[in-house]
Each structure stands twice: as C-alpha cells, then as structure tokens.
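Working notes, beginning with the structure itself.
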Amino acid sequence: MYRSPARRLLPALCRSAGHYAGQPSPIRCSAPIIHSAAFSPSAASDKPLNHKPHQFGSSSSSSSSEGGKPRATARPKAHWQEEQARVLQASLRHVIRLGWGEASMIAGAREVGVSPSIVGSFPRKEAALVEFFMDDCLQRLIDIIDMKEDLKSLIPSQRVAKLVRIRLEMQAPYISKWPQALSIQAQPLNISTSFKQRAMLVDEIWHAAGDEATDMDWYVKRTVLGGIYSTSELYMLADTSPDFQDTWAFLDERVSDAFDLQKTVKEAKYLAEAVGAGMGGSVQGLVKRLFQG
C-alpha cells in the first residue's frame, strides 16, 4: 500500500495492524520505554530490494515503476474506518484544550453527531488519536511533496531541511500538549507503531530528496535523519523564540552538519582507495573525483 520501502519495516509487528480497524493487537511489545530522541528508523528497518527514489512532480494518483511493477502511492489514513476517521479528525480540534485522550474523542464524536460510545471501539484510545494525527500529517506531507514545484529547485540538503520543517510545523498548534503525545508513543504497546510511523516519515523525506541508496547508505541516511528529526522535535518543545525561529536554525545546522559529514566520509573513502592502489598514478584521479563528487 505504501509507495516507499518503509512499508517493509517491522514485518512481524505489522501483522498486528488489525488494531486500527478496532481489533486488539495479538502482539505485546516487550521493548523498554525509549525516549523520543532515540527513535530512529534503523532500529526497525529491513533493507529494501530494488529501491527506487521518489520523483518530484508526480501526482498523488500516479505510480512509479519498481522492478517492472507499479508502486502504489501511500495513503496513510486508508486503514481507518470512515466513521472512526471522522471522529478522530474532529477530536484533534479539542486536543489543545482537553489533551490526547478520551475526553477529546468524546467531544469529537459529539461534534460530528456520533454516539460517544464509539470511543469504546478504539482499544488504545489515546494512542489511536496520536497515531491518526501522525498518519494525517504524513498524508499532508506527501501531498505537499507531490504538488510543490519549488522543491525541485532546491539542493538535497535544502529539500530535507524544508520538509522536516514543514512536518514539524504541523505540530506547532499542539506544542503545549506534545509532551503527552510523546509519552503515549513511548508506551510499550504503542512503540512499534511509533517506530513504523516515524520510519515511513523519514523514508518519504529521503525519497523527496532524490535518495538512490541501495546499500548500507540506506540504513545510515535514515538513522541520521531520524536523529535530526527527533532532536529538532525535542528542541521545539523548549523553544520560546518567535515562530520557533531558533528551532529552524537548529534544524538547518544539523542538516548541514549531516551533509558535510557525508561529503567527508566520501572523501575519506576516495583517499583510502588511492592509498590502497599504492598512490601510483592515482593522485590525479583522486583529485578529480573529489572535486566532481
């Protein structure tokens, strides 16, 4: 269903996804509670086969070819039943006042004319609300990637920083209640879904940046970006600057550092290759590759 290789993350745990349709998950996660900053996609990822980058400019109904087969566009909210989705969407308007919990969901149900008893159909009430919000934000980000033409003119590091900022700005209205959401995500029964949702977010951003990695770089890039996203998210919680300007400066620095490190590692690799070749006649080739890379 998902267009990115993140759909293959946590294959065993994903089989418990039936809880989204109101069915309790048969799998209980035994993992310890992990701080949000430790969330990284590499902790639960599976290397994709024939990984292809997402292409800018594709419509939300388009698909790209992967191994001769079309790749479906992601629809993160598709697993929610229509009535449940209506209640959860309305519930988000009450979160700032009532928090991420049953009170907001009851208020949301009443707002859309549904019996509050529907809240009982969600086995993990507060988690369902947070996870719906995460799905909703991912879908909105995908739509932005598909429609924003100005992203094409940005270099990869700028695309990454811009998309992370756009995604974090979606949380800005809920910033006073976001520590509660992070606490809910870190609970043992919810942590596997939290990993999966964050991994899909990171993977979508890398696709948008034109990532073509198919080897260990696939893991490294997603681990690094997962760390950047989580640390920026936590920085945002304590940011009192106007419109979170300090957070965006922090984010830009972290992304710049990450891409500089990538270049440094690449240069070191070329140097090692030259040394391994005995340096004989290879210096010119090394210099050429450094400046072209």
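Of the residues making up region 141-164, those that are more than 12 Å from the chain's Cα centre (by Cα) and in a helix (DSSP H, G or I) number 16. Here the condition is being modelled with pLDDT of 85 or more, outside any helix (DSSP H, G or I), surrounded by fewer than 20 Cβ atoms within 10 Å (Cβ to Cβ) and not β-branched (Val, Ile, Thr); of 257, 239, it holds for 239 alone. In the set (1) surrounded by 17 or more Cβ atoms within 10 Å (Cβ to Cβ); (2) part of a loop (DSSP other than H, G, I, E, B), residue 92 fails one condition alone, (2).
Does residue 281 satisfy the criteria of being farther than 21 Å from residue 151 by Cβ and modelled with pLDDT under 85?
It is true that residue 281 is farther than 21 Å from residue 151 by Cβ and modelled with pLDDT under 85.
Is it true that residue 182 is assigned to a helix (DSSP H, G or I) and crowded, with 22+ Cβ neighbours inside 10 Å? Considered against the rule, which asks whether it is assigned to a helix (DSSP H, G or I) and crowded, with 22+ Cβ neighbours inside 10 Å, residue 182 comes out as no. For region 195-253, a residue qualifies if it is within 18 Å of residue 176 (Cβ to Cβ) and among the charged types (D, E, K, R), and the qualifying residues are 233, 239, 243, 246.
For region 96-107, the criterion of being part of a helix (DSSP H, G or I) and within 22 Å of residue 232 (Cβ to Cβ) is met by at least one residue.
The residue of region 115-140 that is surrounded by the fewest Cβ atoms within 10 Å (Cβ to Cβ), among those that are in a loop (DSSP other than H, G, I, E, B) and in contact (Cβ under 8 Å) with a residue 40 or more places away in the chain, is 123. If the condition is being among the charged types (D, E, K, R) and closer than 20 Å to residue 157 by Cβ, then region 187-223 contributes 203, 204, 211, 212, 217, 221, 222. The condition (being touching a Gly at 6+ places or on another chain (Cβ under 7 Å), surrounded by 15 or more Cβ atoms within 10 Å (Cβ to Cβ), closer than 22 Å to residue 125 by Cα and not small (Gly, Ala, Ser)) is satisfied by just one residue among 196, 177: 177. As for region 197-209, it holds at least one residue that is part of a loop (DSSP other than H, G, I, E, B) and over 24 Å from residue 130 (Cα atoms).
The values are calculated or read from the model by the stated rules, or taken from the named source; none is laboratory data. As the structure is a prediction and not an experimental result, all values here were calculated from the model. In this analysis, Cβ positions are derived from the backbone assuming ideal geometry, glycine residues included, and neighbour counts consider all displayed protein chains.
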